[in-house]
Amino acid sequence: MKLDELGNWRRTHLSNEATPKLAGAEVVVMGRVGDVRDLGGIKFFILSDISGSIQVTAPKAKTDKKVLGKIDSLTQESTVAVKGKVVAAEQAPRGVEVVPSEIRILNLAITPLPLDPRGRVKANLDTRLDARALDLRRSESLAIFKIRHQAIQSVRNHLISEGLIEVNTPKIVATATESGAALFPISYFEREAFLSQSPQLYKEVLTGCFERVFEVGPIYRAEEHDTPRHLNEAISIDIEVAYATAEDVTKILEDLIVKVFSQVKRTCAKELKVLERKLEVPRKPFPRITYDEALKKLEQAGVKVPWGEDLPTPAERKLGELVGGAYFVIDWPMAIKPFYTMPKRDDPKLADAFDLMYGEIELASGGTRVHQETLLVKQLKQKGLNPQSFESHLQNFRTGLPPHAGWGLGLDRLTMVLTGAENIRECVLFPRDRKRLTP
Ligand code: AMO
């Protein structure tokens, strides 16, 4: 079948703008085709666009044969443009329908589709991710990404209001920053380079130039494990602030989390309803639990973690059950924090660093950083790293880099807790994991 051209037609109204008040007006609506029905005297179909949907109803006796023929050839998810009159109709969803005078078929979907975006036939996550562009048409997916959009908007507004400026640092880099996470090597002309694990080193250096910076960008981690919270490409919201300590930046983080939760709750009520998510805005100040206290609580609950080790997933899960909501874990052992972390002045085996948890999910980590070259070189060596590989970074510490602190907050995980998604892949358009490089 030959498709129609868009030609000089332009959408005059979104589907949700067609209300009974508009009865009698001629409109052009465009969107995707849902159910097509033939009920004796009438043919009708649901047209969906980004705003919602509207019923297009063609009474056979009064409608041009060409228009009726086009309705017959429609398949679910095809895109069409409909010119017609708005008619108030009690029996139609939303009490209104469009009676078409002309239809242009812009593209025909080939059936059967790999999945049903109306969600009537349930598909597992892998099948959905294989047909992700279609899956993203589901109302639940749309709700998740509208909430994500609102979250990032609130993050930007808040950080800018705190006097931070947005920066973009290189994602092709020469060295590692996060000792625990593995690197993806890439070939860079005649040299080896890596995909950046974190903007850490650049954001620190920028405190010497712009004092207060933030970045929203991808981080790449060559983690081999397959978990509901880890991806190989994630989006991190990073901040770094001059003349500040861990305590100062936890306050920025706390304020930010409260703001994001409140704004999502206020502006995304419809989306939260689609997801059946009751969002509770955390109250400030969030509890602060020391690493030692966390270990004690865990031991009392029968989960033993040897001092000096990171909290494994079962321990995080238990701690989430015991504490719940948003809370900080502070005073971590230096041994498990990266080389750039400042030790606590009164107890140097502990780090002046924190993690922000939400239930069992680690949302962010951060702390005060080392700004003196001698200490940084010492800590690089303690971690078994070669200071010479960090020469281009170290030279910045000879130019009066100010004391500074910051954090990194995972946007995909933040979206998980806002939406209640159980798998991080639900919150990322095209997730990258060990098995998935397409779509
Ligand atoms: P960290 O490695 O803890 O710290 O990362 C910060 C936050 O980024 C998110 N995140 C991830 N999300 C999904 N998949 C992953 N594989 C993944 N890895 C990390 C988490 C995590 O809390 N440079 C420090 C931050 C700082 O100190 O400023 C860093 O990268 O939400």
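The values are calculated or read from the model by the stated rules, or taken from the named source; none is laboratory data. Computed from a predicted structure; not experimentally measured. No Cβ is skipped: glycine too gets one built from the backbone with ideal geometry, and neighbour counts run over all protein chains shown. In case anyone asks, the SASA skips ligands and DNA or RNA and just uses the protein heavy atoms, side chains included. Shrake-Rupley method; radii C 1.70, N 1.55, O 1.52, S 1.80 Å.
Within the stretch 239-254, at least one residue is within 26 Å of ALA176 (Cβ to Cβ), touching a Lys or Arg at 6+ places or on another chain (Cβ under 6 Å) and open to solvent by less than 20 Å² (accessible area, probe 1.4 Å). Checked against the criteria, ARG266 counts as more than 9 Å from the ligand (Cβ to nearest atom) and of a type outside the set (Asp, Glu). The residue list ARG425, ARG413 contains one member that is in contact (Cβ under 8 Å) with a residue 60 or more places away in the chain, open to solvent by less than 20 Å² (accessible area, probe 1.4 Å) and among the basic types (Lys, Arg), which is ARG425. Within the stretch 25-45, if we keep just the residues that are without any contact (Cβ under 8 Å) to a residue 40 or more places away in the chain and within 39 Å of the chain's Cα centre (by Cα), the residue that is surrounded by the most Cβ atoms within 10 Å (Cβ to Cβ) turns out to be PHE45. For GLY302, the conditions (1) away from the ligand (no atom under 16 Å from the Cβ); (2) surrounded by 15 or more Cβ atoms within 10 Å (Cβ to Cβ) all hold with the exception of (2). Selection of the stretch 255-294 for residues being closer than 26 Å to PHE214 by Cβ and without any contact (Cβ under 8 Å) to a residue 40 or more places away in the chain yields VAL258, SER262, LYS265, ARG266, VAL281, ARG283, LYS284, PRO285. Is one or more of the residues making up the stretch 175-193 modelled with pLDDT of 95 or more and touching an Asp or Glu at 6+ places or on another chain (Cβ under 6 Å)? Among the residues of the stretch 175-193, not one is modelled with pLDDT of 95 or more and touching an Asp or Glu at 6+ places or on another chain (Cβ under 6 Å), which makes the answer no. Give me a count of the residues in the stretch 330-341 that are within 10 Å of the ligand (Cβ to nearest atom) and not β-branched (Val, Ile, Thr). Counting residues in the stretch 330-341 that are within 10 Å of the ligand (Cβ to nearest atom) and not β-branched (Val, Ile, Thr) gives 3. Selection of first residues in the stretch 6-24 that are within 13 Å of VAL96 (Cβ to Cβ) and assigned by TED's automatic domain parsing to the domain that holds GLY34 and of second residues that are modelled with pLDDT of 95 or more and among the basic types (Lys, Arg), restricted to Cβ pairs under 9 Å at least 6 apart or on distinct chains, gives the following pairs, ordered by first then second residue: ALA23/LYS85; GLY24/LYS85. Only helices (runs of 4 or more DSSP H) whose full extent lies in the stretch 40-135 are considered here, and none of them has at least 3 residues that are at pLDDT below 95.
Just one of the listed residues (GLU77, GLU97) is in contact (Cβ under 8 Å) with a residue 60 or more places away in the chain and either buried (at least 17 other Cβ atoms within 10 Å of the Cβ) or within 23 Å of ARG138 (Cβ to Cβ) (or both), namely GLU77.
With a requirement of 3 or more residues that are assigned by TED's automatic domain parsing to the domain that holds SER392 and within 14 Å of the ligand (Cβ to nearest atom), the strands (runs of 3 or more DSSP E) lying completely within the stretch 166-239 that satisfy it span 212-220. Just one residue in the set ALA58, ALA88 is open to solvent by less than 30 Å² (accessible area, probe 1.4 Å) and over 29 Å from the mean Cα position of the chain (by Cα); that residue is ALA58. Is it true that some residue in the stretch 141-160 is in a loop (DSSP other than H, G, I, E, B) and either open to solvent by 40 Å² or more (accessible area, probe 1.4 Å) or at pLDDT 95 or above (or both)? No; the residues of the stretch 141-160 include none that is in a loop (DSSP other than H, G, I, E, B) and either open to solvent by 40 Å² or more (accessible area, probe 1.4 Å) or at pLDDT 95 or above (or both). Restricted to the stretch 255-299, and to residues there that are touching a Pro at 6+ places or on another chain (Cβ under 9 Å) and open to solvent by 10 Å² or more (accessible area, probe 1.4 Å), the residue that is farthest from SER51 (Cα to Cα) is LEU295.
Out of curiosity, is GLN372 surrounded by 17 or more Cβ atoms within 10 Å (Cβ to Cβ) and in contact (Cβ under 8 Å) with a residue 24 or more places away in the chain? Taking the combined requirement at face value, the residue does not satisfy it. Among the residues of the stretch 1-15, those that are within 16 Å of GLY84 (Cα to Cα) and either of a type in the set (Val, Ile, Thr) or surrounded by 14 or more Cβ atoms within 10 Å (Cβ to Cβ) (or both) comprise TRP9, ARG11, THR12, HIS13, LEU14, SER15.
Yes/no matrix, rows are residues, columns are (1) small (Gly, Ala, Ser); (2) out of contact with any His (no Cβ under 6 Å at 6 or more places or on another chain); (3) modelled with pLDDT of 95 or more:
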residue	(1), (2), (3)
GLY367	yes, yes, yes
LEU375	no, yes, yes
PHE397	no, yes, yes
LEU401	no, no, yes
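Among the residues of the stretch 116-137, is there at least one that is among the acidic types (Asp, Glu) and crowded, with 18+ Cβ neighbours inside 10 Å? Yes, some residue in the stretch 116-137 is among the acidic types (Asp, Glu) and crowded, with 18+ Cβ neighbours inside 10 Å. Restricting attention to the stretch 335-359, the residues being open to solvent by 10 Å² or more (accessible area, probe 1.4 Å), closer than 17 Å to GLU247 by Cα and of a type in the set (A, V, I, L, M) number 2.
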